[in-house]
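Trainee: Input: one structure, supplied below.
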Amino acid sequence: MQTKLEGRTKTYFVDTEGPTTLIGEKINPTGNKRLLAALKAGDHEFVRALAVDQVATGADLVDINVGVPGLNEPELMENIVKIVSEAVDVPLCIDSPNFEALKAALFAAPGRPLINSVNAEEASLERVLPMVKDRDCAVIGLTIDEKGIPKDVDTRLRLAGKILERASRYNIPTEDVIIDPLVLAVSTDHEAAAKTLDAIQQIRAEFGVSINLGASNVSFGLPDRHTLNQSFMALAIAAGANCLITDPFRLCLTMRATDLLLGRDAFSGRYIGHYRSMQSRDS
Ligand code: THG
C-alpha cells in the first residue's frame, strides 16, 4: 500500500513494500533547550538549519512540533511551516494535538502533507478527519482513546479499525491513513515493546496499512537509550513498521542496515550511499 505525499517540489510515497520511511523528529522542543530558546527568541535560522541537516542526513519527511507552553501555537506553527517548506523540498509531517495549529499548518504547507495525528477519541475524529478530507492530505492515526494508550494488543487493533472505518465514512481512502500503535517505556512495563511488536504485526495483517512508530519512547528512564532505540528499531521494522519518527543523525544508518538485512536494499545501494555521504560530511 502506498501513501502519496508532496513537499514543495518532491513527491514521496510511504510504501509498505518499499524501504523504511524516516521522519526526522528534531524540530520538537520536548527536552531540547536550545530549540526551545530559539523558538522563544524567534531565531528561525536555528530551525531552518535543523530541517536542512535532517534532510541532508536522510530524512524523507520533516516532523514539525512547536508546542511550547505560553507561546501562540497556531501562529508559531504557521511561521515555522513556511520557513521549513522554503528550506527543504520534502513533505512535512504536522505534529500537534491542537486543532487550530493543525489548521494553520495545513493552510501554510505546500503540496500534500502528513497530519500527525488523529486518534480514536470522538473529539479528534470529528475535528481532524474533515480537515484531512478538505485539504486532500494524509494522516497518522494513533491507537489511543479517551482511556489513554491501551496496554493490550486487542484494543489497539480495535482502535485502528475504528479510525480506518471512520475515515472511510469521510471518503478518505485507507491508503491515506497510517496507523501508529504507539510504544510505552519498557522501564515501567517490561512487556511494552513486545506488545507493540505484536500490535504492528496484527494491524498490518488485518488492514494492510502502513505502520508508523515514534521509536524513542521505548527507552525512557533507562541508561544507554541509544542501544535500546537501535535494537527496537530493527525489531519494529522486521515486525512490519515501515515509517519511523526518529533522530536521523543517530539512527539513519541503523535503519539502512535493517532494510539491507531484510532484503530491501538491492546491491546495498542505500546503505553504502548513506555511509559515503556521512563520510564526506565529516571530512
Ligand atoms: N508517534 C507519533 N508522533 C510522535 C511520537 C509518536 N511525535 C512526538 C514523539 N512521539 C516523537 N518525537 C520525538 C522528538 C524528540 C524526542 C523524542 C521523540 C527526544 N528528544 C530528546 C530528549 O528528550 O532527550 C532531546 C533531543 C535533542 O536534544 O535534540 O527524545 O510516538 N505519531
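The values are calculated or read from the model by the stated rules, or taken from the named source; none is laboratory data. As the structure is a computational prediction, the values presented were derived from the model and not from experiment. Cβ sites come from the backbone with ideal geometry, for glycine too, and all protein chains shown count toward neighbours.
Trainee: Can you tell me which residues in region 67-86 are closer than 28 Å to R281 by Cα and touching a strand residue (DSSP E or B) at 6+ places or on another chain (Cβ under 9 Å)? Spell out how you get there, then give the answer.
Mentor: Restricting attention to region 67-86, the residues satisfying the condition of being closer than 28 Å to R281 by Cα are 80-86.
Answer for region 67-86, where residues must be closer than 28 Å to R281 by Cα and touching a strand residue (DSSP E or B) at 6+ places or on another chain (Cβ under 9 Å): I80, V81, V84, S85.
Trainee: Can you pull out every residue in region 1-34 that is among the aliphatic types (A, V, I, L, M) and farther than 16 Å from D95 by Cα? Can you show your working first?
Mentor: If we filter region 1-34 for residues that are among the aliphatic types (A, V, I, L, M), which is where we start, we get 1, 5, 14, 22-23, 27.
M1, V14 - these are the residues of region 1-34 that are among the aliphatic types (A, V, I, L, M) and farther than 16 Å from D95 by Cα.
Trainee: Tally up the residues in region 41-55 that are within 16 Å of the ligand (Cβ to nearest atom), of a type in the set (D, E) and exposed (fewer than 15 other Cβ atoms within 10 Å of the Cβ), please.
Mentor: Residues flagged as within 16 Å of the ligand (Cβ to nearest atom), of a type in the set (D, E) and exposed (fewer than 15 other Cβ atoms within 10 Å of the Cβ) within region 41-55 amount to 1.
Trainee: Right, here's the next one. Just to be sure, is D198 surrounded by fewer than 19 Cβ atoms within 10 Å (Cβ to Cβ), away from the ligand (no atom under 15 Å from the Cβ) and of a type in the set (D, E)? Can you show your working first?
Mentor: Working: surrounded by fewer than 19 Cβ atoms within 10 Å (Cβ to Cβ): yes; away from the ligand (no atom under 15 Å from the Cβ): yes; of a type in the set (D, E): yes.
Spelling it out, D198 is indeed surrounded by fewer than 19 Cβ atoms within 10 Å (Cβ to Cβ), away from the ligand (no atom under 15 Å from the Cβ) and of a type in the set (D, E).
Trainee: Among all residue pairs at least 6 apart or on different chains, which show Cβ distances below 7 Å where the first residue, located in region 93-106, is modelled with pLDDT under 95 and the second is acidic (D, E)?
Mentor: Pairs that qualify, where the first residue is modelled with pLDDT under 95 and the partner is acidic (D, E): there are none.
Trainee: Would you be able to tell me the number of residues in region 246-258 that are within 16 Å of the ligand (Cβ to nearest atom) and either of a type in the set (S, T, N, Q) or in contact with a Leu (Cβ under 7 Å, 6 or more places away or on another chain) (or both)? Explain how you work it out, then say what you get.
Mentor: We begin by selecting, within region 246-258, every residue within 16 Å of the ligand (Cβ to nearest atom); these are 246-252, 254-255.
Filter once more, keeping what is either of a type in the set (S, T, N, Q) or in contact with a Leu (Cβ under 7 Å, 6 or more places away or on another chain) (or both): 246, 248, 252, 254-255.
Residues that pass the stated criteria total 5.
Trainee: Applying the selection to region 1-40, what residues are among the polar types (S, T, N, Q), surrounded by fewer than 18 Cβ atoms within 10 Å (Cβ to Cβ) and not in a loop (DSSP other than H, G, I, E, B)?
Mentor: Q2, T11, listed by residue number.
Trainee: Take the residues in region 78-120 that are in contact with a Gly (Cβ under 9 Å, 6 or more places away or on another chain) and part of a helix (DSSP H, G or I), then tell me which one is nearest to the ligand (Cβ to nearest atom).
Mentor: A101
Trainee: Now, a different point. Would it be correct to say that P150 is free of Cβ contacts under 8 Å to residues at least 40 places away in the same chain, buried (at least 19 other Cβ atoms within 10 Å of the Cβ) and within 20 Å of the chain's Cα centre (by Cα)? Please lay out each step first, then the result.
Mentor: Working: free of Cβ contacts under 8 Å to residues at least 40 places away in the same chain: yes; buried (at least 19 other Cβ atoms within 10 Å of the Cβ): yes; within 20 Å of the chain's Cα centre (by Cα): yes.
Taking the combined requirement at face value, the residue satisfies it.
Trainee: Please determine, by comparing only the residues of region 193-212 that are in contact (Cβ under 8 Å) with a residue 40 or more places away in the chain, part of a helix (DSSP H, G or I) and aliphatic (A, V, I, L, M), which one is farthest from F13 (Cα to Cα).
Mentor: Selected residue: A193.
Trainee: So which residues in region 169-184 are in a loop (DSSP other than H, G, I, E, B) and surrounded by fewer than 16 Cβ atoms within 10 Å (Cβ to Cβ), if there are any at all?
Mentor: Initial filter on region 169-184 (in a loop (DSSP other than H, G, I, E, B)): 170-173, 181-184.
Across region 169-184, the qualifying residues are Y170, N171, P173.
Trainee: Could you check region 167-187 and list, in sequence order, the residues that are more than 21 Å from C93 (Cβ to Cβ) and more than 16 Å from the ligand (Cβ to nearest atom)?
Mentor: Kept after step one, since they are more than 21 Å from C93 (Cβ to Cβ), are these residues of region 167-187: 168-169, 171, 184-187.
Across region 167-187, the qualifying residues are S168, R169, N171.
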